[in-house]
Ligand SMILES: C[S@@+](CC[C@H](N)C(=O)[O-])C[C@H]1O[C@@H](n2cnc3c(N)ncnc32)[C@H](O)[C@@H]1O
């Protein structure tokens with residue numbers, strides 16, 4: 001807790017009006033990779049408390065669309081449509097797909113992290129499953145040329161995720177933004193230039 005309070009990114013988030021220090025992960029990645037452009041349709045999976053949606057909304061500059069989804073409630077953000085539900089449930093996926101009304105997506109950002117059980121194999125398997133679901137969604141809904149940014153925990157299943165992403169994206173890169181704690185096994189995978197046929 002003390003570490004969190006003293007954390008430079010926590011202080012910065014409070015000063016700059018972001019709901020979580022996680023904002024600086026997306027900011028750093030987007031400053032480098034230029035993922036978010038006005039006019040885009042973006043899906044934010046695992047969005048609560050909402051700092052990635054805040055960053056995305058700022059960078060869309062009022063042009064485009066964001067659909068955010070989380071198990072937990074999220075306080076409203078102007079320009080962001082929110083669905084509360086479990087992404088693993090078919091009914092929730094259908095709700096998201098219905099909002100898209102057959103129009104494809106430019107960018108999927110997925111920062112989902114399952115509740116930790118403390119049993120590392122179980123936690124890793126749960127996290128990998130969420131990543132795979134997010135990847136399936138991206139393969140189905142991204143426009144050709146679109147991008148997918150996802151949090152992944154290095155461990156079992158990681159290499160297979162990278163292999164699967166390479167099937168669908170022209171380029172797959174790893175990102176470890178400064179705001180991601182060194183001792184955390186989390187990294188971000190960025191798939192870009194989604195192929196026409198997957
Ligand atoms: C690290 S937080 C996301 C932080 C967010 N990117 C931000 O910037 O505010 C991870 C989120 O994933 C959500 N999550 C975990 N499992 C989920 C699931 N099965 N379906 C939807 N959301 C889930 C959690 O509720 C949590 O809010």
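The values are calculated or read from the model by the stated rules, or taken from the named source; none is laboratory data. All values reported here derive from a predicted model rather than from experimental measurement. Cβ: placed from backbone, ideal geometry, glycine included. Neighbour counts: every protein chain shown.
Brief remarks follow.
- Residue that is farther than 20 Å from residue 184 by Cβ, modelled with pLDDT of 95 or more, in a strand (DSSP E or B) and away from the ligand (no atom under 12 Å from the Cβ), where the choices are 58, 81, 63: 81
- When 98, 91 are screened for being more than 21 Å from residue 22 (Cβ to Cβ), part of a helix (DSSP H, G or I) and within 13 Å of the ligand (Cβ to nearest atom), only 91 passes.
- Positions within segment 108-153 being at positive phi and either surrounded by 19 or more Cβ atoms within 10 Å (Cβ to Cβ) or at pLDDT 95 or above (or both), in sequence order: 145
- Meets criteria (in contact (Cβ under 8 Å) with a residue 40 or more places away in the chain, within 16 Å of the ligand (Cβ to nearest atom) and in contact with a strand residue (DSSP E or B) (Cβ under 9 Å, 6 or more places away or on another chain)) for residue 103: no
- Looking across 179, 113, one residue alone is touching a strand residue (DSSP E or B) at 6+ places or on another chain (Cβ under 7 Å) and either touching a residue at least 24 places away in the same chain (Cβ under 8 Å) or more than 26 Å from residue 54 (Cβ to Cβ) (or both). It is 113.
- Restricting attention to segment 28-55, the residues being more than 18 Å from residue 148 (Cβ to Cβ) and more than 10 Å from the ligand (Cβ to nearest atom) number 3.
- Any chance residue 22 is within 21 Å of residue 188 (Cα to Cα), touching a residue at least 60 places away in the same chain (Cβ under 8 Å) and either near the ligand (Cβ under 10 Å from one of its atoms) or under 12 Å from the mean Cα position of the chain (by Cα) (or both): yes
- Any hit, segment 128-140, residues being away from the ligand (no atom under 13 Å from the Cβ), under 20 Å from residue 25 (Cβ atoms) and in a helix (DSSP H, G or I): yes
- Some residue of segment 187-194 being surrounded by fewer than 15 Cβ atoms within 10 Å (Cβ to Cβ) and either more than 18 Å from residue 32 (Cα to Cα) or at pLDDT 95 or above (or both): yes
- Which listed residue, of 178, 171, is at negative phi and out of contact with any helix residue (DSSP H, G or I) (no Cβ under 9 Å at 6 or more places or on another chain): 171
- Among the conditions (1) surrounded by fewer than 20 Cβ atoms within 10 Å (Cβ to Cβ); (2) under 27 Å from residue 8 (Cα atoms); (3) out of contact with any helix residue (DSSP H, G or I) (no Cβ under 9 Å at 6 or more places or on another chain), residue 53 misses just one, which is (1).
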